[in-house]
Amino acid sequence: MEKKIEDIKTDFENKLKDISDSTDLENLRVKFLGKKGIVTEIFSQMKNLGPLERKKIGPFINVLKNFILKEILQKKEKLRGFDLEKIVNSLKPFDVSRPAKFGGGSYHPITLIQEEVEEIFRSMGFIIEEFPEVVDEYQCFESINIPEHHPARDMQDTYYLSNSKVLKTHTSAAQNDIMRKYGAPLKAIFPGRCFRNESTDSSHETTFFQMEGMMIDDNVSISNLIYFMKIMLSEVFKKAVKIRLRPGFFPFVEPGFELDIECLICGGNGCSSCKNSGWIELCPCGMIHPNVLEMGGIDNKKYTGFAFGLGLTRLAMMKYSIKDIRDFNSGNLEILSQFFNV
Ligand code: FA5
């Protein structure tokens, strides 16, 4: 049997030498290693051997099989113009004890933009609050005037957890707790990660960041809201950017607005990031609904307030010219490590 194995090896080596194209190589592989191939056949003959001899011969056949496999792979690479042996020989020896070189780390663009916007509002007297990502339905909806059958509560948008909690769909979920915690007057921003069960495209993600803001005092009006929005945008972009205000409906504000920014990727000409509209929906806002103030324990006869829900991830897209929002969660360091606050 050992002699037979040796002969098979020699026969294979002779045949391999003459092979010059990949079809012949595949035929050779099938001839030796295929289901009815020579090596398979010799494996099946093992059953005719006694236990001692089987134990002795088994490893020889395995070595033969692995040898043939390795030679075929190497030949395949050679035929593709890829000489493994040559490459291995050309590798320079290296010193494994040499200290590694590490590049400096960098902040994620969301962290950069968040810190920047926080600083802008902090300098205008706003406090910054953190809020959990898992909230209950009362916080996310009822406490801000979203009744039970409102479409925003539809399973399509909201991730419901098994403990009857939800993943925060918007930072507005913190409004009620923050009003109750601080009362009025109040100037607060609260950034956070939001989750929505929706299909993604270049400006929609299932996980994205918002920054909510509220100002409550006597005599707060829409002009205060517009003033703060303008300051924030001019500080972030350090240049005039075109915005437009349209009526918008949100159950927790009255009146409500959509604040859009001209798409800075295409300069308003239309591109995939803005779905060819030239505008990006950035920061809906409005005057806080009296019911919401009341549910937050604030006297709605004495106080008025505005609230906004800034799309922080979209703001970062515009600031850093990132065309596709999905890049933020991609982990692609080539894209993510090149941004700095300027
Ligand atoms: C809201 O979430 C309201 N809570 C905002 C609000 C707060 C209105 C206070 C009035 C007063 P909307 O669903 O439109 O609204 O989201 C607000 C912003 O978050 C959008 O303009 C957009 O910039 C960003 N945003 C919303 N959904 C996504 C998404 N899937 N991916 C990325 N950004 C999103």
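The values are calculated or read from the model by the stated rules, or taken from the named source; none is laboratory data. None of these values were measured; they are calculated from a predicted model. When we count neighbours, we look across all protein chains shown, and the Cβ atoms used for this are built from the backbone with ideal geometry, even at glycine. What goes into the accessible areas is simple: the full protein's heavy atoms, side chains included, and nothing from ligands, DNA or RNA. Shrake-Rupley method; radii C 1.70, N 1.55, O 1.52, S 1.80 Å.
Each label point was placed 7 Å from the Cα along the Cα-to-Cβ direction; for Glu142 and Leu52 their separation is 8.4 nm. Computed per residue of the chain from DSSP H runs no shorter than four, each worth -39500 (n - 2.57), the mean residue ellipticity at 222 nm is -11500 deg cm²/dmol. Between Arg80 and Lys36, residue separation times 0.36 nm minus the direct Cα-Cα distance comes to 13.1 nm. Counting only Cβ charges, +1 for Lys and Arg and -1 for Asp and Glu, the dipole size of the range 1-105 around its Cα centre is about 380 debye.
Relative to a virtual label point 7 Å from the Cα of Asp154 in the Cα→beta-carbon direction, which members of the range 196-234 show backbone nitrogen distances below 13 Å? Residues passing the 13 Å test: 197-199.
Between Thr200 and Met1, the modelled labels are 5.6 nm apart [label points 7 Å from Cα along Cα→Cβ]. Apolar share of the accessible surface for the chain: 53 percent from carbon plus sulfur atoms, 1.4 Å probe.
Taking a ≥ b ≥ c as the square roots of the eigenvalues of the Cα gyration tensor of the range 2-79, is the shape rounded (a/c under 1.5), prolate (a/b larger than b/c) or oblate? Cα axes put the range 2-79 in the prolate bin. Of all DSSP bridge pairs formed entirely within the chain, close to 95 percent run antiparallel.
Please say if the chain is rounded, prolate or oblate, where rounded means a/c under 1.5 for a ≥ b ≥ c the square roots of the C-alpha gyration tensor eigenvalues, and otherwise the choice is prolate for a/b larger than b/c and oblate otherwise? Prolate is the answer for the chain, as a/c is 1.5 or above and a/b outweighs b/c.
The dipole here belongs to the range 254-304: it is taken about the Cα centre, uses +1 on the Cβ of Lys and Arg and -1 on the Cβ of Asp and Glu, and is about 40 debye. With 24 Å as the limit on Cα-Cα distance, the pairs of Lys165/Lys301; Lys47/Lys75; Lys35/Lys75 that go past it are Lys165/Lys301; Lys47/Lys75. Mean-square fluctuations from a GNM of the chain, with a 10 angstrom spring cutoff on Cα atoms, peak among Thr40, Thr313, Thr207 at Thr40. Relative to the current alpha-carbon distance between Ile128 and Asn291, full extension at 0.36 nm per residue lengthens the span by 56.3 nm. Of the residues Tyr107, Val135, Met124, the one whose Cα sits farthest toward the positive end of the charge dipole of the range 101-151, with +1 on the Cβ of Lys and Arg and -1 on the Cβ of Asp and Glu, is Tyr107.
Got a sec? Which residues in the range 160-176 would a label at Asn329 touch, if it sits 7 Å along Cα→Cβ and we count backbone N under 17 Å? The answer is 160-161, 166-171, whose backbone nitrogens lie closer than 17 Å to the label point. A simple rule links phi to the HN-Hα coupling: the Karplus curve 6.51 cos²θ - 1.76 cosθ + 1.60 with θ = phi - 60°, which for the range 21-33 gives 9, 6, 5, 5, 5, 5, 4, 5, 4, 5, 4, 9, 10 Hz, with x for Gly and Pro. Length gained on full extension, Ser44 to Ile231: 59.1 nm, using 0.36 nm per residue less the C-alpha separation. Classify the range 193-257 from the C-alpha gyration tensor, please: rounded if a/c falls under 1.5, else prolate or oblate depending on whether a/b exceeds b/c. Because a/c hits 1.5 or more and a/b fails to exceed b/c, the range 193-257 counts as oblate. The dipole here belongs to the range 109-339: it is taken about the Cα centre, uses +1 on the Cβ of Lys and Arg and -1 on the Cβ of Asp and Glu, and is about 560 debye.
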